[in-house]
Each structure stands twice: as structure tokens, then as C-alpha cells.
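Bear in mind these aren't lab numbers, they're just calculated from the coordinates by the rules spelled out. Since the model is a prediction, treat every value here as computed from it, not as a measurement. All Cβ positions, even for glycine, are placed from backbone atoms using ideal geometry, and neighbour counts span all protein chains on display.
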Amino acid sequence: MNTITLPHLNTCPPAAFVAALQGVYEHSPWIAERAAAMRPFASVAALKQALQAVVMTSSKEEQLTLLRAHPELAGKAAIAGALTVESTGEQAASGLDRCSLDEYARLQELNTRYGEKFGFPFILAVKGPTGRGLTRAAIIATFARRLENSLDAEMAECLRQVHRIAEIRLNVLLAVELRFGPQVMDWAETLGAISDSVDDLTCAYMTPAHTRTAMQLADWMRAAGMIVHIDAVGNVVGRYAAAQPEAHVLMTGSHYDTVRNGGKYDGRLGILLPIALAAHLNERGERLPFHLDVVGFAEEEGVRFRSTFLGSSAITGRFDAALLEQRDGDGVTMRDALLGAGHDPLMIPAIARDPASLLGFVEVHIEQGPVLLERGLPVGVVTAIAGSSRYLVDLSGVASHAGTTPMDMRRDAAAAAAEIVLLVEGRCGGRGSLVGTVGQLEVPSGSVNVIPGRCRLSLDIRAAVDAERLAAVDDILAGITAICARRGIGQQLWKLVEADAAPCSPRLMDTLGAAIEDTGLPRFDLLSGAGHDAMEIARITEVAMLFVRCGNGGISHNPLETMTADDAEVAGEVLLGFLRRIQAYA
Ligand SMILES: [Zn+2]
């Protein structure tokens with residue numbers, strides 16, 4: 001098969017460029033025509049990005065025409081054999097040509113309802129995140145879920161699916177071989193099947209699934225040529241050793257525990273990707289001038305013992321020994337859980353690293369939000385991890401009869417809470433990185449016919465700049481006092497968390513940014529609103545983070561969490577470039 005190459009695409013006449021790419025965007029040669037003027041492209045990633053940019057900057061009419069150029073899934077055109085070669089192959093690869101009568105009827109019903117609601121056909125890259133194909137059941141479930149979207153959100157999702165379809169077609173056309181992405185996706189799938197529960201992915205600290213996950217990671221690290229140990233807190237530590245034993249250490253990694261019913265890539269991506277890179281370096285016989293320590297942190301999510309960062313705090317020497325007496329929901333202490341899994345809690349203090357030995361820490365993590373997805377970018381450089389303040393507020397009024405108490409004689413705790421929710425929204429809205437959320441709001445033992453005598457709510461306030469967050473907290477707490485005084489409501493307040501923002505190291509950020517630009521993609525910087533292990537490690541060394549786009553609207557801590565092999569590949573190339581560039585500091 002004669003494949004088309006990027007140099008050829010960069011130098012051929014525009015008409016030949018358009019002809020070569022004719023099957024990539026369904027019946028829409030205008031996209032390649034406009035992209036032809038943007039040549040040459042530094043990489044296939046840059047070519048994909050340019051084609052996407054053409055669509056993103058086109059008119060809404062043109063975008064709708066592009067969507068309407070696509071066939072329905074298993075629709076009439078497919079039955080009549082009237083699809084493009086590309087679509088026929090893709091639909092067949094997912095077994096859409098072998099639907100049962102029930103599946104076929106369900107798809108036709110969904111096609112009809114979808115068409116009526118949105119006015120364009122349902123578009124899904126049926127080859128999926130790995131490029132190997134989704135099951136029919138997964139396709140039908142996605143179809144039904146997306147039918148609930150708003151028009152704008154669904155049109156944006158369809159355009160992203162069109163780009164994903166184009167990406168997969170370009171990979172075939174240009175015979176692109178992914179070096180890291182498919183391996184990382186496979187490994188994430190294997191780990192995702194090791195769970196404390198039968199139907200979903202739950203990997204809580206020191207459970208049997210947690211221990212099995214650690215052993216599996218250790219096996220893969222060994223096979224990648226690393227020296228491996230599992231430390232007393234459960235961190236899996238693999239060292240891809242430098243030639244010089246006394247070399248400094250560059251640390252990378254993320255957590256392998258999950259929330260209940262979590263996703264397959266949260267945390268794990270940041271362990272698996274560097275293992276894949278170590279395997280690659282090992283195969284080439286390439287040594288780095290520093291030890292590369294890949295750490296699978298044992299615990300970050302705080303699911304079992306309600307305290308977070310157990311793995312990374314052991315490495316910074318800040319593991320709180322009092323936590324060993326903490327009990328899980330079944331009354332098991334952390335100490336017993338550790339002993340039961342074969343660990344010696346007395347050895348935890350010895351895990352602490354000497355800051356002088358470290359060159360820095362870099363963490364790769366899925367974004368867990370929609371920013372990269374909406375920008376159409378596979379990766380971004382994290383500028384800082386937001387600081388956060390969390391409080392629990394207990395309001396007490398007077399519970400009295402909903403029918404007999406006049407409106408001006410009430411002391412309604414829930415009405416005060418409602419004012420507080422709006423106060424938080426108003427104070428935090430429209431101010432850069434500042435965000436404020438009331439995520440828990442409850443009327444304990446409330447009844448339909450009783451004025452709420454009590455109301456409990458939570459506050460979660462975050463910002464990149466500590467002074468901005470603390471000013472907002474001060475204003476909100478003062479506002480709560482004023483609201484309560486005016487309404488005759490009593491208040492009690494508990495501070496649960498106060499964590500300072502962790503700014504990322506400018507020089508490590510620049511190194512990541514340069515590595516991104518080496519792949520032909522633009523550098524894009526964004527804030528992390530969520531906490532990560534890097535936040536803890538920042539106490540002992542310089543840190544940086546690379547965020548990777550997640551699909552499905554950016555959803556995380558959920559089985560719908562997803563990313564693609566192609567994005568994992570870009571992240572792998574960037575991390576490899578980062579490691580090679582960082583040699584200058586070693
Ligand atoms: Zn995470």
C-alpha cells in the first residue's frame with residue numbers, strides 16, 4: 001500500500017493536498033482547501049490541529065453542513081450501501097452491520113428522536129478512544145445519553161467526534177504508529193478491571209484490589225527495566241537508573257487509588273505513561289543523566305480513611321502518624337489495614353526524601369474538566385494548583401408549623417441557607433480563578449409541612465492566589481453572620497480544610513511548554529482547580545504538571561471518564577521531550 005507522507009502533503013500542489021485528504025472530513029473538501037494555505041505543518045499533530053482550526057473558525061452554517069454530510073449510524077444509507085468507503089468500514093468494524101433486530105429497531109428509534117431534536121445526524125467516532133472500536137452496547141448507551149444534551153452542547157460534541165473520526169482516518173492515511181498511547185490505554189484497561197466492587201471501579205487504600213494493583217504496576221515497571229520496591233505506605237516506586245549511582249533524581253508519578261465508582265485514567269495515566277517511556281528508553285539503551293523515579297502514590301482520594309495524600313505526604317516526610325489510629329467505615333484502623341497488607345507502619349518515616357537529592361517533580365494527569373476539550377487541545381501546562389478553604393456551616397432557626405406561622409414571624413434556617421448559596425455565587429463569580437461552591441445542603445429530618453429549624457451546608461472556595469481566596473472567605477463569613485443576624489438564625493462553623501495554592505515552577509513549566517511546541521502544538525497554560533499529589537510534593541521540590549484532555553465533556557470521578565490513545569501519545573512525546581530537555585539541569 002502506498003502511503004502518503006507529511007513531507008509530500010507539505011509540498012504538493014494545493015489540489016493534490018485536497019485530493020489526498022478527501023476522505024478525512026466527510027464530503028467536505030472545503031476544510032482541506034482552507035488548511036492547504038496553512039502549510040507546511042511541523043507534525044501530523046499540527047496538521048490535525050490546523051484542520052480542526054478551520055472547522056472551529058468556520059460559520060455555524062458551514063459547521064451544520066459538515067455535520068449533515070455524515071450518515072446516520074446503521075441508518076437507511078448504511079442499509080442501502082450508500083456510505084463513503086471510510087464510513088462503511090468504520091460502521092462495520094463496530095459490528096453495526098450485524099445488529100440484532102432489537103438493536104436495529106432501537107437505533108432507528110434513537111436516530112428519529114435525535115434528528116427531530118437536533119436537526120443533524122448523531123455522530124460518534126465508533127472506533128472509540130483506542131481506535132479499535134466501541135461495542136454496539138456502548139454505542140447505543142452513548143446515543144441515549146447524548147440525546148439528553150442541549151442543542152449547543154450536542155453540536156459541539158458532534159464536531160469533536162468529527163475531529164476524532166478525522167484523526168483516526170489521518171492515522172490510517174499517513175500510517176501513523178503510536179508508540180505509547182495504545183499501551184497506556186491497554187494498561188489502564190487492565191488496572192480498571194481490578195476493583196473492590198463487581199460492577200464498577202473502586203480501588204480504596206489497602207484493600208485487596210489496591211494491593212493487586214500495586215503488584216501489577218510493579219511487574220510492568222520491572223519489565224520496563226526499572227528497579228522497583230513497594231514502600232511501607234504502599235507507594236510503588238520504580239527507578240529507571242542513571243549510569244551514575246550518585247545522580248540526582250527527577251520524580252514523576254500520580255496516584256493509583258480511585259474514588260468509588262471512579263474512572264480508569266484519573267491518577268493512573270501519570271504512572272503508566274512514564275512506565276511506557278522508561279520501557280522505550282530501556283529498549284533503546286538510552287540512559288538519562290538523572291535517576292527517573294516513577295511513583296505510583298498509594299493514596300490521594302481520601303476514600304477509606306477520609307484523609308488524603310497519604311502516599312505523597314510520606315515522601316515529603318509529613319505523614320501524620322496519628323492517622324494510623326483512624327478507622328474506616330468498618331472500624332478497621334489504618335494501622336491494621338497496613339499490617340494486614342504486609343506493611344510495617346514503623347517504616348513510614350524512612351520514606352521521606354531528602355530535598356537536596358531531587359531535581360524536581362512532574363505529574364501527568366487528566367484535566368478532569370472541559371477547558372482543553374473546548375479549546376481543542378490535547379495537552380496543557382498547569383500554572384498552579386488552586387488553594388482551597390472548606391467549611392461546614394450549621395444553621396439553627398425555629399421549626400414550626402408551615403400552615404400557622406405567619407411569614408414575618410419565621411426563623412427559617414433553609415431560607416438563610418438559600419441566601420448564603422447566592423452570596424457565595426455572587427462573591428466568587430466573574431473573578432478570575434476564584435470559585436465558590438455549596439456542594440452539600442441539607443435540612444436534617446425536614447418535613448413538607450414544617451419550617452426548617454436547622455440547615456447544614458458546606459462551603460468550598462478555591463483560587464490560584466491565596467490572598468484572593470482568603471479575602472473571599474472573609475467576605476463570605478461576614479456575609480453569613482449578617483444574614484443570620486437579620487433573620488435571627490444561630491450559626492456554627494467548622495473549618496475542614498485550608499490549603500495554600502501551589503504555584504508550579506516557571507522553569508519546569510517553560511520546559512514542558514517547549515516540549516509541547518516541539519511536537520508542533522501550541523503551548524496553553526491553565527490552572528488546576530483540583531488538588532493533586534504535586535501539591536504535596538511542592539513542599540520539598542519544584543513541581544510541574546501536564547494536563548491531558550478528557551472527553552465526554554471533561555467528566556471525571558465517574559465511569560464515563562475517557563481520553564484517547566492519540567492524546568496519551570502526545571502526552572508521552574511531551575514528557576519524553578521534557579526529560580531530554582531537563583538533562584541540561586542535571
Ligand atoms: Zn487524580
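Here are some notes:
- Set against the 2.2 N^0.38 Å expectation for a compact globular protein, the stretch 263-361 has a Cα radius of gyration ratio of 1.29.
- Between the amide H of T383 and those of L526, L527, S528, distances stay under 5 Å, these residues lying 5 or more places away or on another chain, with hydrogens modeled in the peptide plane.
- In order along the stretch 266-272, phi translates into HN-Hα couplings of 3, x, 4, 3, x, 9, 5 Hz, rounded to whole numbers, per the Karplus curve 6.51 cos²θ - 1.76 cosθ + 1.60 with θ = phi - 60° and x for Gly and Pro.
- Between the amide H of V362 and those of M251, T252, G253, A544, distances stay under 5 Å, these residues lying 5 or more places away or on another chain, with hydrogens modeled in the peptide plane.
- For the stretch 330-344, 3J(HN,Hα) computed residue by residue from phi via the Karplus equation (6.51, -1.76, 1.60; θ = phi - 60°) reads 9, x, 7, 7, 4, 4, 5, 4, 5, 4, x, 8, x, 9, 10 Hz, glycine and proline entered as x.
- Virtual paramagnetic centre 7 Å along Cα→Cβ of N449, amide N under 15 Å, in the stretch 398-417: 400-405
- Taking the average, over residues, of other Cβ atoms within 10 Å as the packing measure, peptides 184-197, 377-390 rank 377-390, 184-197 from highest down.
- Spatially proximal aspartates and glutamates relative to K117 (Cα-Cα < 13 Å; intrachain offsets below 8 disregarded): E109, E148, D152, E154
- Relative to the current alpha-carbon distance between A352 and A137, full extension at 0.36 nm per residue lengthens the span by 72.6 nm.
- Restricting the trypsin sites (Lys or Arg not before Pro) of the stretch 189-245 to loop positions (DSSP other than H, G, I, E, B) with no more than 12 neighbouring Cβ atoms within 10 Å leaves nothing.
- Cα-based shape type of the chain, given that a ≥ b ≥ c are square roots of the gyration tensor eigenvalues and the cut on a/c is 1.5: oblate
- Taking Cβ atoms as reference points and 13 Å as the exclusive limit, the residues near R580 contribute a net charge of 0, counting Lys and Arg as +1 and Asp and Glu as -1.
- Spin-label proximity, S458 to the stretch 485-502 - amide N less than 18 Å from point 7 Å beyond Cα toward beta carbon: 492-500
- Inter-site label distance for T11 and S197 at 7 Å from Cα along Cβ, in nm: 5.8 nm
- Relative contact order computed over the chain (Cα-Cα under 8 Å; 6+ residues apart), in percent: 15 percent
- Shown is the FRET efficiency for T84 and D219, computed with R0 = 56 Å from the Cβ-Cβ distance and rounded to the nearest 0.05: 0.80.
- Here the simple spin-label model places points 7 Å from the Cα toward Cβ, and for A37 and R287 these points are separated by 5.4 nm.
- Each label point was placed 7 Å from the Cα along the Cα-to-Cβ direction; for D408 and D475 their separation is 3.3 nm.
- Extension gain (nm, one decimal) between D500 and H229, 0.36 nm per residue minus Cα-Cα: 94.4 nm
- Prolate/oblate/rounded label for the stretch 1-144 (Cα gyration tensor, a/c 1.5): prolate
- Förster radius 45 Å - calculated FRET efficiency between V421 and A175 (Cβ-Cβ, nearest 0.05): 0.25
- Stretchable slack from L339 to A243, in nm (0.36 nm times residue separation minus alpha-carbon distance): 31.0 nm
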